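*Asks:* Here it is, the structure in full.
Coordinate-derived values only; no laboratory data. This is a predicted model, so every value here is computed, not measured. Glycine also receives a Cβ, built like all others from the backbone with ideal geometry; neighbour counts cover every protein chain displayed.
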Amino acid sequence: MMKIIWILVFGFHLVESQDSVEDALLDGKSLFTNASLQTYLKDLDHLNDIYMEINDKPMVSLGTGGGSGGALMHALKNTGTKKIIGINGRPDQLPYLFQGDIILTGEQMQQQIKAAEAQLAKKKGETSRRVRSMTSNLSLRWRRFPIQYYISPGAPTSAIQAGVTRWQQLSCITFQQVNSPPSGNGLIFIQGNGCYSYIGMTGFSPQQISIGFGCESLGTVMHEIGHALGFYHEQARSDRDSYVNILWQDIQSIYQSQFSEQSAASMIDYGVAYDYGSVMHYDQFAFSSNGQAAIQTLDPNYQLTIGQRNQAAFADVKKINLAYCNASCSNVLSCVNGGYTDPMNCEQCRCPDGLGGTLCDQAAASYTGCSAGNLQATSTLQTITAQGSLVCNYLITAPPGKRIYFQASSLSFPYQAVCSQAYLELKYNADLGRTGARLCRQASLSGMTSGGSSMVVIFQGGSTSRFTLSYRYDPPDTSPTTTTTTTTTQSTQSTQSTQPTTRPGTTTTTTTTTRTTTTTTTTRRITWPTTQPSRCSPWNFCSQPCGGCGIQSRVCSTGVQTQPCNLVACRGFFCCSPFIVSRQGTCIKPASDNETEPTDSTPAVQPSEATKALTPKPTTKPAPKTAKKPKPTTKKPNGKIGKKIGHRAEFFDDEGSGEEPNAVTRKPITKPGKLADKIRRPYRKSAVFVDELEKNDSSTEKTEA
């Protein structure tokens, strides 16, 4: 009876075997010692207690000595002769690990506790309390490549090799399998009790990744390797509340900390937006206490998109490439729709799912029989349909200034907990680089309107799959019309008059009937969508939200024009090449670029300013004005803070360049910077080593002085 109560209350999935958490991690495979494990569990318990207080959950008194708190630790230590495998049978939801599958170092754990305490203090209004801010060194980047890895006896070799190979194919990161545990930095894969990993490179000795029973899928192995490369979970991002609701009432109280939110300083997103399809995202039932969803997407169409474990999403790979491979290419292509220069082939763009072409402005290739490709929306409904084991990609484009109205019907796919095998994916938001809403259970989707003038449709079909989608642009063409309503009334007017009589005493009465026509003219006003002058279409949406990393384009009579956009620095003072970070936190061009401004491109301005720049000019040409030469910025930032930011920006510069690429042709960067050149050979560029490089560069400057 007691065993049943424990299962109902705490949701543990128990199996016959060893008898404690210590045995689960100290079974000859874990690097924990008894002392370090006790400290780890105590800290995790304390972290959970803080989150229970943040979320107004009552502290549970279980007689653990303190009178309150200790609920998690008490539960884990009193499971009888059973061993905890995972919540609801999930090997990647271990109750004694941070967020279910992460082992934190002592420093990382203390940072998490301090962040939670700061959040609690803010809730209580204790603004006077100073709390040390977190830094990005929680996610340490690897310094030397290839990364050596060793597969312990008994671990699933094929699954591990497949995950390693896939990361290697998608990024510039390289791995090398060795026959014995590495003596320095490296990875040791084990078949532990569940799936887990450390966050980032933890030090100068090997670190473990456990691929236990139930963890052998490609996506799960890539997920755990992703942690080792520096990833936290996607739903732990600081901006997660703009995309999902955490349903605390459906999460067991003792697991509140499993949904901790990272600060903006501890997670560098490199300007890549929140992605529902990330392989690092929890599924909707993670740590649920009652079988109900614990995570709810704000857009309900994405509910079955979260939690896929097929493989890393486009956004996952993009972040890894921006973190580790940003210096691979000296030239930057003008990729659109979320694409970026492929670090594995600098002459082409790496395009989001469903998109292809030289600049990611075309539909990706499809299977024969799809009748897919580039489609133009008109004012009348058009229909696309497909069925069977096909992969079909459609790029639907509306005229400039219009959006796309669409509706789906006749949807049929096999049942799936998460739409990851067969589905209809609809990318209808402005950012086409993000995973779209995947539909695999519902039979139809009522009418919706896209966020921009383009949308992507991806059909990933199975033998019994099918779909139909109708679309047109919205609003449809309408012309000013005049509706004339004619109302005819018949009135009778009697006029009595005396006529000359032919017979004395005779009176003639004449009745005149007049037909009166009243005409009412009704004019319906049409509100036309705001459009740009006919010479160019409007600028489309920026492909990235910050750092000057994005490209926006427009179609003109002379061709396609592109320009960088969104010049606010990303979190961690990050700007993409060729920009550097100013003291105000914006992305600017180096001083040398201001002297040679390209004449055949539009200045790098925000979309709103670009719109103003397209206002028709008067027919009379104004007198030419002498161009005012901008003041060059100082080469060395003043002050300690400015110097730090300047170095960080130069460090992220693809080649440390000072030359702005042409906004249309994107000329190669040819001017290497001092700091970038200094560190190019020994290590790959990354965000983590800025402080160390700054010290070296400072000492160099003093010597020169």
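*Asks:* How would you rank 375-384, 463-472, highest first, on the average number of other Cβ atoms within 10 Å across their residues?
*Replies:* Listed from highest to lowest mean packing, they are 463-472, 375-384.
*Asks:* Return Thr341, Thr202 ranked ascending by Cβ neighbour count within 10 Å, so the fewest neighbours appear first.
*Replies:* Final ranking by Cβ density, sparse to dense: Thr202, Thr341.
*Asks:* Tell me the label-point distance for the pair Gln421, Asp299, using the 7 Å Cα-to-Cβ offset, in nm and rounded to one decimal.
*Replies:* Each label point is offset 7 Å from its Cα along the Cβ direction, giving 2.6 nm.
*Asks:* Can you order the peptides 37-46, 95-104 by their average number of other Cβ atoms within 10 Å per residue, highest first?
*Replies:* 95-104, 37-46
*Asks:* Tally Lys/Arg at +1 and Asp/Glu at -1 over every other residue whose Cβ is under 11 Å from the Cβ of Leu170; what's the total?
*Replies:* +1
*Asks:* If you don't mind, another one. With respect to the cross-link table entries Lys319/Lys589; Lys114/Lys427; Lys42/Lys319; Lys123/Lys319; Lys319/Lys402, which display a Cα-Cα separation exceeding 28 Å?
*Replies:* Lys114/Lys427; Lys42/Lys319; Lys123/Lys319; Lys319/Lys402
*Asks:* Can you tell me the Rg and the Dmax, both Å, for the Cα atoms in the stretch 276-424?
*Replies:* So, for the stretch 276-424, Rg and Dmax equal 18.1, 53 Å respectively.
*Asks:* Here is a further query. Take every DSSP beta bridge with both residues inside the stretch 135-286 and express the antiparallel ones as a percent of the total, to the nearest 5.
*Replies:* 25
*Asks:* Would you mind calculating the gained length between Asp56 and Asp241 on full extension (0.36 nm times residue separation, minus the Cα-Cα distance), in nm to one decimal?
*Replies:* That works out to 64.8 nm of additional length.
*Asks:* Also, I was wondering about something else. Set the Förster radius R0 to 45 Å, insert the Cβ-Cβ distance between Ser371 and Gln161 as r into 1/(1 + (r/R0)^6), and round the FRET efficiency to 0.05.
*Replies:* After rounding to 0.05, the efficiency reads 0.70.
*Asks:* For Lys123, project a label point 7 Å along Cα to C-beta. Then give me every residue of the stretch 260-293 with its amide nitrogen under 17 Å of that point.
*Replies:* 260-263
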